[in-house]
Amino acid sequence: MRTEKIEKHTYLIDLQTAGIKNFIASYVLKGEKTIIVETGPTSSVPNLLSGLKELNVNPEDVAYVAVSHIHLDHAGGTGTLLKHLPNARVIVHPRGAPHLANPEKLWEQSRNVLGRITDLYGAPEPVPQERIVGAVDGMTLDVGGTVSLRVLETLGHASHHLSYFELSSEGIFPGDAAGIYLNEIGVILPTTPPPFRLDIALASLERLRQLKPKVLYYSHFGKADDAIGKLQSYEGQLRLWAAIAKQGVDNKEGWEEISRKIVESDVAVQKAREYVKSHPVFSETVLGESVRGFVDFVQKYGAVPT
Ligand SMILES: [Zn+2]
């Protein structure tokens, strides 16, 4: 675990899930009360709690735990964390809420898709129904001391995905809506596993861009400046992958062939290849699942949105 002050009121906790640094971040926003953005998975909740202690956060003062979406690496730890935060309520998209309250199906599906990676994350514990707030787009979480977050519905990566806009720093917590930022090598990669909706993801990106953010606080991983440039380059990357996937599907190419062409055409992927190969989680998820998301999308919906 490592903590870092990144804004006047905002702190990053590197959860170091399964000992992996620069992989999953939680953010702590301290006003009169406190907001935590993203919990990470169950296995690193002890690290998150140590981080809160180091940042002198009184557990009773945490008003909100705001998650981008329910995937284990973002919100798997919510149920476990809440046992330590007596007054916190959970902010989640209404379509994700039932899976926080009853996580069995989510766990089973995650086991099927992610296999042994779920061993690194741990099983999610249920969140008491009465502590869940179904988020509404545009809703504001205000904890005093000029700290407030606006909820933004940003679907595409998942059908229940939220981002959060921090008004005083003009920064966005994009969850997985803006890709994965490999901060150690300065490269962005798509995170677009099936059932990825390219058309909706592009609309969400456009929406984030229109807010003219100054910084992004990636869940994977960390604070990054030139937010608009990063959102634009991510959009370009999604369009490039989509064009290759579409052409590949039209030519009846297999998934491997399409993957190979994406690697050949995308400089960012080339730069990230060694990093991803040696990463205990990304090596199994990032390129393969993300390409699959594109292939599935073009097979189902045909056209690439303009
Ligand atoms: Zn993620």
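The values are calculated or read from the model by the stated rules, or taken from the named source; none is laboratory data. From a predicted model like this one, the values you see are computed outputs, not experimental measurements. All Cβ positions, glycine included, derive from the backbone under ideal geometry; neighbour counts span all protein chains shown. Side chains included, ligands, DNA and RNA excluded: accessible areas come from the protein's heavy atoms. Shrake-Rupley method; radii C 1.70, N 1.55, O 1.52, S 1.80 Å.
Laid out as a table, the results:
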read-out	value
Amide H within-cut-off set for Arg2, under 5 Å, with H built and near neighbours excluded	Asp14
Vicinal HN-Hα couplings computed from phi for region 188-200 (Karplus, 6.51 cos²θ - 1.76 cosθ + 1.60; Hz; Gly/Pro x)	9, 10, x, 10, 9, x, x, x, 6, 10, 4, 4, 6
Positive-end residue, the chain charge dipole about Cα centroid, Cβ charges, pick of Val127, Pro41, Val92	Val92
3J(HN,Hα) from dihedral phi, region 290-298, Karplus parametrisation 6.51/-1.76/1.60, rounded to Hz, x for glycine, proline	5, 5, 4, x, 5, 4, 4, 4, 5
Over the chain: helical MRE at 222 nm, DSSP H runs n ≥ 4 each giving -39500 (n - 2.57), nearest 500	-11500 deg cm²/dmol
Convex hull of region 33-143 built on C-alpha atoms - directionally averaged projected area, nm²	6.5
FRET E, pair Asp225, Lys252, Förster distance 35 Å, beta-carbon r, rounded to 0.05	0.20
J(HN,Hα) series, region 233-249, from Karplus relation 6.51 cos²θ - 1.76 cosθ + 1.60, nearest Hz, glycine and proline x	5, 5, 4, x, 5, 4, 5, 4, 4, 5, 4, 5, 5, 5, 4, x, 5
Cβ-based charge dipole, the chain, positive-most Cα from Val136, Gly19, Thr118	Val136
Leading residue at positive end of dipole, region 149-295 (Cβ point charges), from Ser233, Thr192, Ala272	Ser233
Counting DSSP beta bridges with both ends in the chain, the antiparallel % (nearest 5)	70
For region 1-76, alpha-carbon Rg relative to the globular expectation (2.2 N^0.38 Å, N residues)	0.99
Portion, in percent, of the accessible area of the chain that falls on carbon or sulfur, probe 1.4 Å	49
Segment Ser159-Ala101, extension gain: residue separation times 0.36 nm, minus the distance between their alpha carbons	19.1 nm
Unsatisfied cross-links (Cα-Cα over 22 Å) in the set Lys5/Lys223; Lys8/Lys33; Lys212/Lys271; Lys21/Lys212; Lys8/Lys53; Lys5/Lys33	Lys212/Lys271; Lys21/Lys212
Label-to-label distance, nm, for residues given as Lys83 and Val267 (7 Å Cα→Cβ offset)	5.0
Förster radius 35 Å - calculated FRET efficiency between Lys8 and Gln299, Cβ distance, rounded to 0.05	0.15
Inter-label distance, nm, simple model (7 Å from Cα along the C-beta direction), Leu55/Asn183	1.2
Amide hydrogen neighbours beyond the local backbone of Asn183, cut-off 5 Å, H modeled	Phe221
Debye equation applied to the C-alpha atoms of region 23-67, log10 I(q)/I(0) at 0.16, 0.20, 0.21, 0.34 Å⁻¹	-0.37, -0.58, -0.64, -1.44
Unit Cα scatterers, Debye sum, the chain: log10 I(q)/I(0) for q = 0.07, 0.08, 0.09, 0.11 Å⁻¹	-0.24, -0.32, -0.41, -0.61
